[in-house]
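Written below as structure tokens is the structure these notes are about.
The values are calculated or read from the model by the stated rules, or taken from the named source; none is laboratory data. Everything quoted here is computed from the prediction, not taken from an experiment. Positions of Cβ are generated from backbone atoms using ideal geometry, with glycine treated the same way; all protein chains shown enter the neighbour counts.
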Amino acid sequence: MNFQKKIYRYLFFVVLICFSGCYTPPEFKQITATKPPEKKVPYFISQLDRYSVREWKYIVIHHSASESGCAAEFDKFHREKRHWENGLGYHFVIGNGNGAGNGQIEIGNRWMNQLNGAHAGIQEYNHYGIGICLVGNFNTSYPTEAQMNSLFALVKYLQERCYIPAENVLMHRHCKETDCPGKNFPYYQLLAKISRY
Ligand SMILES: [Zn+2]
């Protein structure tokens, strides 16, 4: 009897050891406070929400045809040389690092106050067209990557905010006889990106 008890005890421990080898503790899900994914809307774009908008039908893209510049400089030129009382003819200027930050979007008085532009040379496009000027001469150079990223973000924002279809995102030369915004402006690249989103 005693021997049998010993056998049982022995078997009990053998079984216990075998099973304990198979046992793996459950994995616990770690709960850590992670930041929610950031919205990929650049800061300057979110600033535009503060302005109310009226009816706009087009977005018209220009280049400044100069190597450098900024909204204040073009504003001065338009006031003093062109004698436009509302100054800067564009609604937005996108800098190239010479005069304004590379890819920096400057908001013009005409956007803040929802005034007609003075950029297209044709009444329909000045009245209903949002004028965006990229600093640079794109007949002799190319817009910077930062400028194109900002332009894309701005155009997308304006399209959604003002219900402007992709076919109404135009280059100045679609509106009138001009080479603006230069032969190197990557318009179709921009359009392809717009239609992908
Ligand atoms: Zn132009």
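Within segment 109-132, can one find any residue that is of a type in the set (Lys, Arg) and farther than 29 Å from GLU85 by Cα? Don't jump to the end; show me each part of the working.
The first filter runs over segment 109-132 and keeps only residues of a type in the set (Lys, Arg), leaving 110.
Retained after the next criterion (residues that are farther than 29 Å from GLU85 by Cα): none.
Checking segment 109-132: not a single residue is of a type in the set (Lys, Arg) and farther than 29 Å from GLU85 by Cα.
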Subset of segment 169-188 [within 16 Å of the ligand (Cβ to nearest atom) and in a helix (DSSP H, G or I)]: HIS172, ARG173, HIS174, CYS175, TYR187
Residue list for segment 78-115, restricted to those being part of a loop (DSSP other than H, G, I, E, B), within 16 Å of the ligand (Cβ to nearest atom) and buried (at least 18 other Cβ atoms within 10 Å of the Cβ): LEU88, GLY89, TYR90, HIS91, ASN96, GLY108
Residue in segment 118-129 that is touching a Gly at 6+ places or on another chain (Cβ under 8 Å), without any contact (Cβ under 8 Å) to a residue 60 or more places away in the chain and either buried (at least 21 other Cβ atoms within 10 Å of the Cβ) or of a type in the set (Gly, Ala, Ser) (or both) present: yes
Any pair with Cβ under 6 angstrom, 6 or more apart, that starts in segment 45-57 at a residue that is farther than 9 Å from TYR157 by Cβ and ends at one that is surrounded by 13 or more Cβ atoms within 10 Å (Cβ to Cβ) and β-branched (Val, Ile, Thr): TRP56/ILE130
Subset of segment 162-197 (residues that are closer than 16 Å to GLN147 by Cβ and of a type in the set (Gly, Ala, Ser)): GLY182
Counted residues, segment 26-61 - those being in a helix (DSSP H, G or I), of a type outside the set (Lys, Arg) and either touching a strand residue (DSSP E or B) at 6+ places or on another chain (Cβ under 8 Å) or modelled with pLDDT of 75 or more (or both): 6
Checking SER64 against (1) at pLDDT below 90; (2) over 18 Å from the mean Cα position of the chain (by Cα), the condition it does not meet: (1)
Selected residue (criterion: nearest to ALA166 (Cα to Cα)) from residues of segment 116-147 that are more than 12 Å from the ligand (Cβ to nearest atom), aliphatic (A, V, I, L, M) and outside any helix (DSSP H, G or I): ILE130
Neighbours by Cβ (under 6 Å, 6+ apart or cross-chain): first from segment 153-175, free of Cβ contacts under 8 Å to residues at least 12 places away in the same chain; second part of a strand (DSSP E or B): none
